[in-house]
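Let me begin by presenting the structure, written as structure tokens, before commenting on it.
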């Protein structure tokens, strides 16, 4: 925070769960504390699957406000979006144009 010269972050995202190094719950607890201290207004995640979110819910009872995932016309993540919706989690598109050079040549999409 010091180097950013900000008093707080509007949104802080926990990026990827990394199954090899399964410490995301520890980090989530830290983000919850940062939110309680007013350092972060909202906390979210990136690339989490339903089982990861369910674990957060079970262990902390605090759900992310957003789940940022790769989402574009060739990868619509319908099941994940539906799950996020049932949990009142916003789905944020990362790379919404995918590989733009391919998508922009698709006559159905352009």
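If you check every pair at least six apart or on different chains, which have Cβ atoms under 6 Å apart with a residue in the range 70-92 that is closer than 14 Å to residue 48 by Cα first and a residue that is assigned to a helix (DSSP H, G or I) and modelled with pLDDT of 95 or more second?
Close Cβ pairs satisfying both conditions: 83/50; 91/81; 91/84.
Can residue 56 be described as more than 14 Å from residue 14 (Cβ to Cβ), touching a helix residue (DSSP H, G or I) at 6+ places or on another chain (Cβ under 9 Å) and either surrounded by 14 or more Cβ atoms within 10 Å (Cβ to Cβ) or modelled with pLDDT under 95 (or both)? Step through it out loud before you land on a result.
On the way: more than 14 Å from residue 14 (Cβ to Cβ): no; touching a helix residue (DSSP H, G or I) at 6+ places or on another chain (Cβ under 9 Å): yes; either surrounded by 14 or more Cβ atoms within 10 Å (Cβ to Cβ) or modelled with pLDDT under 95 (or both): yes.
No: the conditions fail for residue 56.
Only one of 4, 42 is out of contact with any helix residue (DSSP H, G or I) (no Cβ under 7 Å at 6 or more places or on another chain) and either assigned to a loop (DSSP other than H, G, I, E, B) or crowded, with 17+ Cβ neighbours inside 10 Å (or both); which? Step through it out loud before you land on a result.
Working: 42 fails: either assigned to a loop (DSSP other than H, G, I, E, B) or crowded, with 17+ Cβ neighbours inside 10 Å (or both).
Residue meeting the stated conditions: 4.
Consider residue 61 against the criteria (1) surrounded by fewer than 13 Cβ atoms within 10 Å (Cβ to Cβ); (2) closer than 16 Å to residue 91 by Cβ: it satisfies all of them except one. Which criterion is unmet?
Here residue 61 clears every test but (2).
The values are calculated or read from the model by the stated rules, or taken from the named source; none is laboratory data. Here the structure is a predicted model, which is why all the values come from computation and not from measurement. Neighbour counts run over all protein chains shown; Cβ positions are idealised from the backbone, glycine included.
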